[in-house]
Amino acid sequence: MSILKIESLCKYYGNKKNETKALDGISLEVQTGEFLGIMGSSGSGKSTLLNCVASVIRPTGGQILVNGTDIRSLKGAELSDYRGRQIGYLFQNFELLENLTGRENILLPLALHKYEEKKGEQKLKELAEYLEIQDVLDKFPTQMSGGQKQRLCIARALTVEPKVLLLDEPCSALDVKASAKIEELLKNLKERYTIVIVTHNLAQAKRIADDVAFFQNGRRVETKDAETFWEKPECEETKEFLKG
Ligand code: ADP
């Protein structure tokens, strides 16, 4: 069964006279363990899709099924459990709290979702080793490099062992070296998580994604396994995009 199934998803902004269709009937499925890359030009709806799946914004219409449950039907404690435990979300801009240390930032979701302290500490230890961030745990975000902050954000998204990890342009603000390190990390995460990544970096998507969905104007133009996407894109829009 697909872990994430999106059906006819719409998100409209504005009013009838001046409407932006950020998502205009998107359908797609993600299988457990899949690494899906979402590509498309700026403004094509990629971030809006992740925001809807993370339940940060409410769609205008359509369905988002996670493990068969329509997340639009969730309320109160169930919704908070979904946001806090089932989805790991890395927003486009680093969103670490400046007055908390690395350790406190990572543990924040666990504190909010009332995990046992001992379990949290164990998790923190594992993630810090795995992501090689032991030396920044006691530093504040202003004392960290962009790459360290990004790894910390990934650690925070992973604390709750999410069923789906959503990553919005995880390397866009990083220099080449830090970006390469995050890419290595993503290749390892691929073994353990179901991942949906939004990226404009063609070369990187080519190296890491199993499948690619291409968006334009709030619509999914085509979805292909990565090899076919790069070698034989079908739609003119995709061909144009790949030409750069
Ligand atoms: P992408 O991530 O592909 O660059 P977005 O999902 O950010 O695209 O945006 C898709 C479209 O929706 C754009 O035209 C954008 O201007 C519009 N949009 C996004 N968020 C809002 C908002 N809060 N209010 C109005 N329009 C928005």
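The values are calculated or read from the model by the stated rules, or taken from the named source; none is laboratory data. Just so it is clear, the model here is predicted, and its values are computed rather than measured. Note that we place each Cβ from the backbone using ideal geometry, even for glycine, and neighbour counts take in every protein chain shown.
If only one of A173, A213 is over 26 Å from L97 (Cβ atoms) and of a type in the set (A, V, I, L, M, F, W, C), which one is it?
Numbers: A173 fails: over 26 Å from L97 (Cβ atoms).
Step by step, each of A173, A213 is checked, and only A213 is over 26 Å from L97 (Cβ atoms) and of a type in the set (A, V, I, L, M, F, W, C).
Looking at the stretch 24-48, which of the residues that are within 15 Å of the ligand (Cβ to nearest atom), in a loop (DSSP other than H, G, I, E, B) and polar (S, T, N, Q) is nearest to W230 (Cα to Cα)? Filtering first and then ranking leaves S41.
A residue that is assigned to a loop (DSSP other than H, G, I, E, B) and buried (at least 21 other Cβ atoms within 10 Å of the Cβ) can be found somewhere in the stretch 165-178. Residue pairs whose Cβ atoms lie under 6 Å apart, sitting 6 or more positions apart in sequence or on different chains, and linking a residue in the stretch 29-47 that is polar (S, T, N, Q) to a partner that is within 15 Å of the ligand (Cβ to nearest atom), are S44/F215; S44/Q216; S47/D168. Kindly establish whether T60 is out of contact with any Lys or Arg (no Cβ under 8 Å at 6 or more places or on another chain), at pLDDT 95 or above and within 16 Å of the ligand (Cβ to nearest atom). When the stated conditions are applied, T60 does not pass them. Selection of helices (runs of 4 or more DSSP H) fully inside the stretch 62-159 by the criterion of at least 1 residues being surrounded by 15 or more Cβ atoms within 10 Å (Cβ to Cβ) returns 102-112, 117-130, 146-158.
Is it the case that some residue within the stretch 80-102 is away from the ligand (no atom under 12 Å from the Cβ), at positive phi and in contact (Cβ under 8 Å) with a residue 24 or more places away in the chain? No, there is no match, as no residue in the stretch 80-102 is away from the ligand (no atom under 12 Å from the Cβ), at positive phi and in contact (Cβ under 8 Å) with a residue 24 or more places away in the chain. Of everything in the stretch 189-220 that is without any contact (Cβ under 8 Å) to a residue 40 or more places away in the chain and outside any loop (DSSP other than H, G, I, E, B), the residue that is surrounded by the most Cβ atoms within 10 Å (Cβ to Cβ) is L189.
When the stretch 3-23 is filtered for residues that are near the ligand (Cβ under 10 Å from one of its atoms) and touching a residue at least 40 places away in the same chain (Cβ under 8 Å), the ones remaining, listed by number, are K11, Y12, K21, A22, L23.
Limited to the stretch 1-27, what total is found for residues that are aromatic (F, W, Y) and crowded, with 22+ Cβ neighbours inside 10 Å? Don't jump to the end; show me each part of the working.
Our first condition is that a residue be aromatic (F, W, Y); within the stretch 1-27, this holds for 12-13.
Subset that is crowded, with 22+ Cβ neighbours inside 10 Å: none.
The total comes to 0.
Report, by residue number, each residue of the stretch 28-61 that is among the small types (G, A, S) and surrounded by 14 or more Cβ atoms within 10 Å (Cβ to Cβ). Show your work before the answer.
The first filter runs over the stretch 28-61 and keeps only residues among the small types (G, A, S), leaving 33, 37, 40-45, 47, 54-55, 61.
Scanning the stretch 28-61 gives G37, G40, S41, G43, S44, G45, S47, A54, S55.
Among the conditions (1) among the β-branched types (V, I, T); (2) over 14 Å from M39 (Cβ atoms); (3) within 16 Å of the ligand (Cβ to nearest atom), I195 misses just one, which is (3).
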